[in-house]
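Quick one: structure below, then a few questions.
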Amino acid sequence: MSSVTLKDVRKTYPNGAEAIRGVDMDIKSGELIVFVGPSGCGKSTLLRMVAGLEGISGGDISIGERLINDVSPSERDVAMVFQNYALYPHMSVRGNMSYGLKNRKMPKAEIDQKVNDAAKMLKIDAFLERQPNQLSGGQRQRVAMGRAIVREPSVFLFDEPLSNLDAKLRVQMRIEIKKLQRRMNVTSIYVTHDQTEAMTLADRLAVINEGRVEQMGAPMELYTNPKTLFVASFIGAPAINLIPVTFDGQTLNNGPLELSGFTGLPENTDLVLGIRPDVMDKNPSGQFEMRVDLVERHGGETLIYGALSNAVDNQGEELEICLKGDKEMLPELDEKLQLGFDPSTAFVFRKDTGERLI
Amino acid sequence: MERTRISTHIILICGAMFMTLPVWIAFATSTHAPETILREGLQFWPGGNFLKTYKEVLFVEGGVMKKVTAITMLKNSLILGIGFAVGKVIVSMLAAYAIVYFRFRFAVPLFWVIFMTLLLPLEVRIIPSYKVVADLGLLDTQAGLIIPLIASATGTFFFRQFFRSVPDELLEAARLDGATAWGFFKDILVPLSKTMIAAILIIMFVVGWNQYLWPLIMTTKEENYTLVIGIKQIYQVLSEGGEIPQFQKAFAMTILATLPPVLVVLIFQNWFVKGLVESEK
């Protein structure tokens with residue numbers, strides 16, 4: 001168990017491409033941190049830099065008190081679970097789990113003990129002698145985790161470990177990873193592009209965009225209080241509704257659409273209004289009108305998609321918005337719904353910088 | 001449908017006969033007495049001299065100097081074939097490992113230089129090679145026969161392609177598991193390449209077994225002859241000696257020379273095919 005500290009960490013490739021542009025982060029001992037962001041944002045690169053699989057172009061990474069910039073991956077005391085599991089295909093499950101310990105010259109009896117314990121914990125003790133190609137995806141995932149656990153590292157690194165699993169298994173393994181991490185209380189960094197995974201797993205979440213940390217904090221903090229347009233649009237499912245607007249001193253306008261209840265915003269600046277699908281509701285005197293295009297019934301709730309009347313997006317096309325309602329809310333197609341929202345639950349961002357104003 | 005099946009089979013049978021008939025005729029002829037062959041030419045049906053011919057070839061010293069039996073030559077050929085194949089696999093695997101996994105200056109140009117030597121057959125460099133081996137005092141030794149041949153561009157190329165298809169995550173997982181460069185090679189790459197190794201061993205064994213020019217130049221003593229040279233030697237006796245031509249022995253030797261490669265391919269064919277078509281992941 002140790003903390004992990006990143007100080008102004010940078011990664012520049014020889015061709016000049018900047019993958020990581022100065023990341024500062026303090027990860028407390030035992031914390032589960034999730035790096036989330038779109039593909040190509042640098043989240044995996046950052047993780048691999050902590051693992052030692054990518055060099056560090058600038059800044060410092062420490063585990064505990066120890067600076068590990070130039071320490072080889074095997075001596076960093078980290079274990080990693082890969083997206084495609086990276087099990088050694090020719091070794092049995094036992095062989096896979098014990099390989100790292102053998103390389104550390106651990107006595108055989110001790111290795112067997114540790115492997116058996118970890119296998120029991122992950123419920124893979126029945127397949128210890130099987131080859132990876134005889135296992136299902138979920139079982140392989142467990143073996144990959146077992147290989148990480150037996151080493152008793154001070155930091156666990158997960159690189160999109162669940163993206164090769166089917167939806168049901170993904171949820172199940174997600175819960176197990178969380179439980180396991182709680183039980184072992186090992187500092188963990190988990191990379192994913194799936195915001196549901198990020199929200200549910202993380203103690204704290206780091207939203208990464210173009211090699212920088214946009215915002216870091218508890219999942220609900222990021223959901224209710226995003227600092228930038230990017231964070232607001234990335235966190236939350238279904239995604240937040242974004243409506244391009246301008247402010248004229250009294251109302252937010254998009255063409256004929258006028259929304260009151262906002263003050264203190266800069267005029268003559270392109271702004272973006274963000275409203276979460278779940279803070280809008282049917283209200284005869286509401287400020288929005290929506291023409292229903294699609295109704296998705298999810299069982300406990302209903303997602304209603306439609307075009308916002310009297311407003312257009314940046315390309316001048318119809319503006320699609322989403323509304324989250326309860327399971328009884330079943331409008332007809334092309335029905336016009338009158339929607340209201342509380343202006344204090346909406347966000348307003350500057351369009352150019354993405355900075356949040358309200 | 002029925003028609004195509006029949007014609008397919010006819011074509012297949014013709015092809016098979018075309019390939020096997022010469023071997024059969026060689027075998028049948030080898031079981032006749034030399035007088036019969038001289039009188040009547042090649043024989044299609046086996047004769048009664050099977051045991052006599054093969055016993056003589058295998059156990060009675062023949063050749064120009066009457067010093068060497070087929071058994072000795074078989075042994076020499078085996079040593080050459082196996083040494084050649086094993087040596088090539090080891091050298092080309094190590095070379096491919098260096099090229100694929102280590103970043104060093106000129107790795108790519110070096111690879112292409114190696115690859116281009118494919119264009120140069122042994123015959124082109126046979127005189128310099130002979131000079132080098134002679135200067136090292138290795139003429140007429142097994143080492144001199146094998147070592148100059150074990151660098152293999154083909155093998156290096158095959159292993160390079162195979163190693164490149166091994167997912168990078170395996171290397172990364174091994175690095176996190178504390179494997180050294182040698183450990184990764186021996187614990188992960190070699191076991192993964194099993195089928196590839198088998199395929200290359202088989203191909204190279206056959207190539208080594210069939211080497212003719214190089215052993216012919218390298219060996220001067222009869223007891224170092226390989227089977228392939230032995231066959232040639234018998235024909236040489238035919239044209240020079242005053243004895244009755246021993247065609248049956250030449251054919252017997254040919255059959256003996258064909259057997260080991262055939263056996264090797266038969267026994268290992270599953271691995272062979274696997275190694276060529278499947279990249280085991």
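A short reminder: the numbers here are calculations on the coordinates, not readings from a lab. All figures in this text were calculated on a predicted structure; none of them were measured in a lab. Positions of Cβ are generated from backbone atoms using ideal geometry, with glycine treated the same way; all protein chains shown enter the neighbour counts.
Please list, by residue number, every one of the trypsin sites (Lys or Arg not before Pro) in the stretch B:79-153 that is coil in DSSP and has at most 13 other beta-carbon atoms within 10 Å. List each step's numbers first, then the result.
On the way: sites: B:Lys88, B:Arg103, B:Arg105, B:Arg125, B:Lys131; in loops: B:Arg103, B:Arg105.
Taking the stretch B:79-153 and a limit of 13 other Cβ atoms within 10 Å, the loop trypsin sites (Lys or Arg not before Pro) found are B:Arg103, B:Arg105.
I'd like the Karplus ³J(HN,Hα) series for the stretch A:305-320: coefficients 6.51, -1.76, 1.60, θ = phi - 60°, whole numbers in Hz, and an x wherever there's a Gly or Pro.
10, x, 8, 7, 6, 6, 9, 10, 8, 4, 8, x, 8, 4, 9, 7
Could you put A:Leu333, B:Leu138, A:Leu308 in order, starting from the residue whose Cβ has the fewest other Cβ atoms within 10 Å?
Final ranking by Cβ density, sparse to dense: A:Leu333, B:Leu138, A:Leu308.
While we're looking at this one, here's another question. Tabulate in residue order the Karplus-calculated ³J(HN,Hα) for the stretch A:11-26, using 6.51 cos²θ - 1.76 cosθ + 1.60 with θ = phi - 60°, rounded to whole Hz; enter x for Gly and Pro.
9, 10, 7, x, 7, x, 5, 9, 8, 10, 10, x, 10, 10, 7, 10
Would you compute, from DSSP H runs of 4+ residues alone, the mean residue ellipticity of chain B at 222 nm, taking -39500 (n - 2.57) per run and dividing by the full residue count, rounded to the nearest 500?
Helix-only estimate at 222 nm: -22500 deg cm²/dmol.
Also, quick follow-up: With unit charges on the beta carbon (Lys/Arg positive, Asp/Glu negative), name the residue among B:Thr195, B:Val100, B:Met73 whose Cα is farthest towards the positive pole of the charge dipole of the stretch B:58-279.
B:Val100
Let me ask something else about it. How far, in degrees from 0 to 90, does helix B:2-30 lean away from the longest principal axis of the Cα atoms of chain B, to the nearest 10?
The angle comes out at about 60 degrees.
In whole percent, what relative contact order does chain B give with Cα contacts below 8 Å and a gap of six or more residues? Show your work: numbers first, answer last.
Details: 292 pairs, mean separation 84.3, N = 281.
So the answer I get is 30 percent.
If you line up the long axis of helix B:126-135 against the longest principal axis of chain B, both from Cα atoms, how many degrees apart are they, to the nearest 10?
Tilt relative to chain B: about 80 degrees.
How many nm is it between the label spots at B:Leu216 and B:Ile11, if each spot is 7 Å from the Cα in line with the beta carbon?
Each label point lies 7 Å from its Cα, and together they span 3.7 nm.
For the stretch A:92-166, which trypsin sites (Lys or Arg not before Pro) are in a loop by DSSP, counting at most 10 other Cβ atoms within 10 Å?
Working: sites: A:Arg94, A:Lys102, A:Arg104, A:Lys105, A:Lys108, A:Lys114, A:Lys120, A:Lys123, A:Arg130, A:Arg140, A:Arg142, A:Arg147, A:Arg151; in loops: A:Arg104, A:Lys105, A:Lys123, A:Arg130, A:Arg151.
Answer in residue order: A:Lys105.
Going by Cα centres, the stretch A:279-336 and the stretch A:132-177 are how many Å apart?
A separation of 39 Å, based on Cα centres.
Longest exposed-loop-site-free stretch of chain A, with GluC sites (Glu not before Pro), DSSP loop and at most 15 other Cβ within 10 Å? Walk me through the intermediate numbers first.
Values: sites that count: A:Glu65, A:Glu129, A:Glu210, A:Glu267, A:Glu317, A:Glu328, A:Glu332, A:Glu335.
Answer from the scan: A:130-209.
Could you line up B:Ser129, A:Ser29, A:Ser285, A:Ser260 from fewest to most neighbouring Cβ atoms inside 10 Å? If you can, show how the numbers build up before the last one.
Values: B:Ser129 17, A:Ser29 14, A:Ser285 6, A:Ser260 10.
With the fewest neighbours first, B:Ser129, A:Ser29, A:Ser285, A:Ser260 line up as A:Ser285, A:Ser260, A:Ser29, B:Ser129.
Could you pull out the trypsin sites (Lys or Arg not before Pro) across the stretch A:282-358 that fall in loop regions by DSSP (anything but H, G, I, E, B) with no more than 13 other Cβ atoms inside 10 Å? Show your work: numbers first, answer last.
On the way: sites: A:Lys282, A:Arg291, A:Arg297, A:Lys324, A:Lys327, A:Lys336, A:Arg350, A:Lys351, A:Arg356; in loops: A:Lys327, A:Lys351.
Of the trypsin sites (Lys or Arg not before Pro), the ones in loops of the stretch A:282-358 whose Cβ has at most 13 other Cβ atoms within 10 Å are A:Lys327.
Taking a threshold of 22 Å on the Cα-Cα distance, which of the pairs A:Lys102/B:Lys274; B:Lys75/B:Lys249; A:Lys120/A:Lys179; A:Lys108/B:Lys194; A:Lys7/A:Lys43; A:Lys123/A:Lys178 fall above it?
Working: A:Lys102/B:Lys274 31 Å; B:Lys75/B:Lys249 18 Å; A:Lys120/A:Lys179 15 Å; A:Lys108/B:Lys194 27 Å; A:Lys7/A:Lys43 16 Å; A:Lys123/A:Lys178 16 Å.
Listed pairs above 22 Å: A:Lys102/B:Lys274; A:Lys108/B:Lys194.
Here is a further query. Treating the angle as unsigned and between 0 and 90°, give the value, to the nearest 10°, between the Cα long axis of helix B:70-101 and the longest Cα principal axis of chain B.
That helix lies at roughly 20 degrees to the long axis.
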